[in-house]
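Each reported figure results from applying straightforward, stated rules to the coordinates on display, with no laboratory input. Here the structure is a predicted model, which is why all the values come from computation and not from measurement. Note that we place each Cβ from the backbone using ideal geometry, even for glycine, and neighbour counts take in every protein chain shown.
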Amino acid sequence: MKITADGFIEVDVTPEMLEEADRRNKEFLRRYGHAGTHRKNKEEQRRTGYVAESAVRSVFPDLEYADDPKVDFVRGETTFDSKAQGCNGPPAPNYSATLYEEQAARAVDYLVFSRVKKDFKKVWICGFISKADYLKVAKLQPAGTKNNNFTYDEARYETEYRKLRQVTSVGDLFESNGG
């Protein structure tokens, strides 16, 4: 793990992380099918999400995997949802942290946003934000919105990574929030 010049946490994906991600992906698929999967290439999207979760857990070991399929991590009573996007290279502060419109209704306390290199060799953890704060700063973009070279297939909220909190421990996140 290293911290980039932009404050993102860069994680080199290990074979153990890939193994864990693939195992968890297969278990979820067996139990729930493609629930919560939005992209056309569902298998790639699912693997991207699970590789991001493995990277997040490797950096923040005090987060535990949740039993609830709509929540990715818990720490005590606090819940976290991991949001990951595939990419070809490192993220920049002006890149978008996106959340599908229907996901905004999930009962989760914090969102953690990541980028996963398409070859599954690196993950960049771009930051945390409480869901309540995210919904205050994010803008709902309708389906068909163009963002750089991508057109949104479904409505989603977006804000820039620069508006997220960069922390190196989940404890820092709680301490700086007074909780």
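Here are a few things to note about the model shown:
- Among Val56, Ala143, Thr79 - extreme Cα towards positive end, dipole of the stretch 2-173, charges at beta-carbon: Ala143
- Charge-dipole axis of the chain as Lys and Arg at +1 and Asp and Glu at -1 on Cβ define it, positive-most pick from Ser169, Val112, Tyr95: Tyr95
- Nearby aspartates and glutamates by direct alpha-carbon distance to Lys139 (threshold 12 angstrom, same-chain neighbours under 8 apart not counted): Glu101, Glu158, Glu160
- Choice from Pro91, Pro69, Pro15 showing the highest fluctuation, given a GNM over the chain with Cα pairs closer than 10 Å: Pro15
- Mean separation of Cα contacts under 8 Å (6+ apart) over length of the stretch 68-150, as relative contact order %: 26
- Assuming charge only on the beta carbon of Lys and Arg (+1) and of Asp and Glu (-1), the dipole of the stretch 2-173 about its Cα centre is about 540 debye to the nearest 20.
- Largest GNM mean-square fluctuation across Thr145, Thr79, Thr168, computed for the chain with C-alpha springs under 10 Å, falls on Thr145.
- Note on the stretch 72-179: Rg/Rh from C-alpha atoms, Kirkwood Rh, equals 0.96.
- Exposure proxy ranking, count of Cβ atoms within 10 Å, fewest first, for Leu29, Leu111, Leu99: Leu29, Leu99, Leu111
- Applied to the stretch 53-62, the Karplus parametrisation 6.51 cos²θ - 1.76 cosθ + 1.60 on θ = phi - 60° returns per-residue 3J(HN,Hα) values of 4, 4, 5, 4, 5, 5, 8, 10, x, 7 Hz, with x for Gly and Pro.
- Neighbour-count order for Lys83, Lys139, fewest beta carbons within 10 angstrom listed first: Lys139, Lys83
- Fewest neighbouring Cβ atoms within 10 Å first, the residues Phe60, Phe8, Phe120 line up as Phe120, Phe60, Phe8.
- Long-range Cα-Cα pairs in the stretch 13-157 (distance over 27 Å), rounded percent: 15
- Near Pro15, once Lys and Arg are set to +1 and Asp and Glu to -1 for all other residues with Cβ below 13 Å from its Cβ, the sum equals -3.
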